[in-house]
Amino acid sequence: MTVRDLPISLPRQRRVLSVLVFAAVLIWIDTTILGIALERLADPRAGLGATPGQLQWAVGSYALIFATALFAAGALGDRYGHRTILVLGLLCFGAASVWAAWAGDATSLILARGLMGLGGAMMMPTSMAIIGATFPPERRAGAIAVWGASSGVGVALGPLLGGVLVDHFWWGSVFLVNLPVVALALIGIAVVVPNPKLAQRRRPDPIGLLLSTAGLAALAYGLIEAGQDTDWARPQVWISVLAGLALLVAFTVFEWRSPEPSFDPRLFRNGRFSAGNLALAALFFAITGQMFYGNFYLQGARGMSALDTGLTFLPGAIGVAIGSPIGARLAKRFGVGAVSGGGLLVVAAAFLANLLFDVDTPLFWFCAVSFVSGTAMGLTIAPTVAAVISVLPLNRMGAGSAVNNTVRQVGSVLGIALLGTVLSTTYRDRIEPALAGLPAAARDAAAPSAERTRAVADALHRPDLAKSANSAFITAMHATAASAAVVAFLGAVLLLLAFRARRAPAPQTEQEPALAAQR
């Protein structure tokens, strides 16, 4: 099934790409900009007083809905036109941004973030389909590469914009920055973007969407709930985890038996496709967890401003932008295993370097480690994505790309759920002795997070308690970083074993699916 080709002039192709890149920046800005506001949201005085679990959901709900709605959005675009669904996605994103900006409590913020994830999911596959229909085969790869580069721009802009807005306005302003982008993108789409449809329309997959969303949500809920009072034996923890796993198994079985699956698990019969996607999931698992604790480390334990925090994260974003093109070139010469696997080993080592950070560690070292880690991430992501798609037959590359995007988002969901739980559980264990002498009400108020403990310490004029909060948080950060390092290391091992050959195989022809499945 292919999208109908559209006879479009070269100048209009460039205008279409410019509009799509401009719209895509929204998706990537929103993956990082909220992190800068987390410290303020956790503050019971200047923010919403959100608990660690609520903050995990505020980050995770976006990735959760994004991951599970990607396939439905693509199918709707095939049926009703990709420009139509892209416009609806932008409108959804804009409306959710307004809701998030003026959310009166953490629950409203979580729901608004989930709606933003839905808008983002409607924008990504439709943009790719429009590029595929607009550009001829000889120019399509270059157009996709330019569109993909928008991720680096958005990831770099997010913390900087967030820092400026949080420092000079209020935390909700980080969402209002989306509105002018949405407005300009809608105008550009109306003027220059075509509305391609699939010649043979795919059927919607409501059962698959329901099973995957419910499964991931239940699993994430159980993992996050476990960190709220460090008790994994509570029924709402283990029942949620088991129910989530059962629903995900049911989703896999249903998709396997479906003649037109939205998420095709058969692709994982290819060993390299499986290993590469699992390694990318491990990388995004670790990255999301690091972004979560990194903001609290810089703004909370070190007392930095939001803008200074955004600037401190900038070397990492620059590293990703530098590493991606270098990784693609090196992989052609030395192989994906050596480049991507080696890059992921460096990422794991960078996480271990976080174990040396304390409240008074020079920021130079934090920035240096971030730059090395970001460069290694770039070396890993670009060659691995290309490799896992290239091992598939040509007629399965579209499905493989969709699976790849979903698996990375699932890694992010699990990263914020599990690593966030490690962070909060370790903190609660470490801070408990320092809270033993407080009245019961003050102890309960201070226990959930370092932000809550500092607020109580300030109210009671107890600088020693604030110091204990910082010390307990640093210990929790170290435990979280070590957990992330282990997961990244396992992903590196998968890449090294799966891509032992110097070069990844060339894309197969449409007549080779059986051979691909046996590898």
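The values are calculated or read from the model by the stated rules, or taken from the named source; none is laboratory data. All values derive from a computational prediction rather than experimental measurement. Cβ: placed from backbone, ideal geometry, glycine included. Neighbour counts: every protein chain shown. Ligands, DNA and RNA are excluded from the accessible area calculation, which covers all protein heavy atoms including side chains. Shrake-Rupley method; radii C 1.70, N 1.55, O 1.52, S 1.80 Å.
If you go through segment 318-335 and keep only what is open to solvent by 20 Å² or more (accessible area, probe 1.4 Å) and not charged (D, E, K, R), you end up with Ile318, Val320, Ala321, Ile322, Ser324, Pro325, Ile326, Ala328, Leu330, Phe334.
Test Ala338 against the criterion of being outside any loop (DSSP other than H, G, I, E, B), touching a residue at least 12 places away in the same chain (Cβ under 8 Å), open to solvent by 30 Å² or more (accessible area, probe 1.4 Å) and among the small types (Gly, Ala, Ser), and give yes or no. Considered against the rule, which asks whether it is outside any loop (DSSP other than H, G, I, E, B), touching a residue at least 12 places away in the same chain (Cβ under 8 Å), open to solvent by 30 Å² or more (accessible area, probe 1.4 Å) and among the small types (Gly, Ala, Ser), Ala338 comes out as yes.
Every condition in (1) part of a helix (DSSP H, G or I); (2) modelled with pLDDT of 80 or more; (3) more than 23 Å from the chain's Cα centre (by Cα) holds for Val182 except the one numbered (3). Against the conditions (1) exposed (fewer than 15 other Cβ atoms within 10 Å of the Cβ); (2) modelled with pLDDT under 75, Leu210 satisfies every one except (2). Looking only at residues in segment 308-317 that are open to solvent by 40 Å² or more (accessible area, probe 1.4 Å) and within 22 Å of the chain's Cα centre (by Cα), the one that is farthest from Gly378 (Cα to Cα) is Leu311. Looking at segment 26-46, can you tell me whether even one residue there is among the basic types (Lys, Arg) and either buried (at least 24 other Cβ atoms within 10 Å of the Cβ) or not in a helix (DSSP H, G or I) (or both)? Yes: segment 26-46 contains one or more residues that are among the basic types (Lys, Arg) and either buried (at least 24 other Cβ atoms within 10 Å of the Cβ) or not in a helix (DSSP H, G or I) (or both). Gly303 meets all of the listed conditions (1) part of a helix (DSSP H, G or I); (2) open to solvent by 50 Å² or more (accessible area, probe 1.4 Å); (3) among the small types (Gly, Ala, Ser) but one, namely (1). For segment 357-389, a residue qualifies if it is touching a residue at least 12 places away in the same chain (Cβ under 8 Å), open to solvent by less than 40 Å² (accessible area, probe 1.4 Å) and not in a helix (DSSP H, G or I), and exactly one does: Phe357.
Evaluating Met304 against the criteria (1) touching a helix residue (DSSP H, G or I) at 6+ places or on another chain (Cβ under 7 Å); (2) under 20 Å from Glu39 (Cα atoms); (3) in contact (Cβ under 8 Å) with a residue 12 or more places away in the chain leaves one unmet condition, (3).
The condition (being farther than 24 Å from Met377 by Cα and either in a helix (DSSP H, G or I) or at pLDDT 90 or above (or both)) is satisfied by just one residue among Ala488, Ala472, Ala492: Ala472. Looking at Leu344, Leu352, just one residue is farther than 12 Å from Ile318 by Cα, open to solvent by less than 60 Å² (accessible area, probe 1.4 Å), not in a loop (DSSP other than H, G, I, E, B) and not β-branched (Val, Ile, Thr), and that residue is Leu344.
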